[in-house]
Amino acid sequence: PPQKQLGRRDAVGVFCAPGSHMVAAEGKYIAFVSTITNRTDIEANLSKVASEELKDGLKILGKVDSFFFDVYDIKVPNKLGHEDKCYISKSYDASSHFEHTSDDVMDIYERIYGKPLDLSKTMVNLNPDE
């Protein structure tokens with residue numbers, strides 16, 4: 001569900017894959033519910049925080065046979081890589097379709113080559129001098 005509908009800063013993402021994708025038993029599904037939180041009470045109340053932060057996504061799933069969760073810090077590089085030529089990506093976040101990861105890859109490309117990646121060109125049409 002989009003964050004504006006939920007009154008949240010970050011969206012709650014729901015991804016579901018059925019047994020026909022060979023990831024679960026026939027008639028069952030594997031689902032991921034994810035979000036980003038800025039709460040500071042996570043370590044003291046991990047189960048409570050996870051339930052509260054993911055509740056809107058879990059409602060969509062209905063009855064759940066098994067539920068587990070984990071929390072990951074989002075890491076970002078502390079340097080852009082221009083000085084030492086070491087270009088480091090950000091860690092994966094809660095977006096289920098990798099849109100932020102794609103943005104990060106595009107950013108790394110631009111930091112390395114000094115210009116945005118132009119995906120309108122195909123490999124066949126690329127001029128090595130461009």
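Using the Cβ-Cβ distance between K4 and D103 with R0 = 22 Å, the FRET efficiency computed as 1/(1 + (r/R0)^6) comes to roughly 0.60.
Here each label is just a point 7 Å from Cα along the line to Cβ, and for I88 and D41 those points are 3.3 nm apart. Multiplying the residue separation of F68 and K115 by 0.36 nm and subtracting their alpha-carbon distance yields 12.7 nm.
When the solvent-accessible area of the stretch 1-103 is split by element, carbon and sulfur atoms take up 55 percent of it, the probe being 1.4 Å. Its DSSP H runs of at least 4 residues, each contributing -39,500 (n - 2.57), put the calculated 222 nm mean residue ellipticity of the chain at -8500 deg cm²/dmol, to the nearest 500.
For the chain, the solvent-accessible area of protein heavy atoms averages 79 Å² per residue (probe radius 1.4 Å; ligands and nucleic acids excluded).
Rg/Rh for the chain stands at 1.08; both radii use Cα atoms, and Rh follows the Kirkwood definition. What is the helix-to-structure angle for 46-61, meaning the angle in degrees between its Cα long axis and the longest Cα principal axis of the chain, kept from 0 to 90 and rounded to the nearest 10? It works out to around 90 degrees.
The values are calculated or read from the model by the stated rules, or taken from the named source; none is laboratory data. It should be emphasised that the depicted structure is a prediction, and the values quoted were computed from it without experimental measurement. Here Cβ is always computed from backbone atoms with ideal geometry, including for glycine, and neighbour counts include all displayed protein chains. Areas reflect the complete protein model, heavy atoms only, side chains present, ligands, DNA and RNA absent. Shrake-Rupley method; radii C 1.70, N 1.55, O 1.52, S 1.80 Å.
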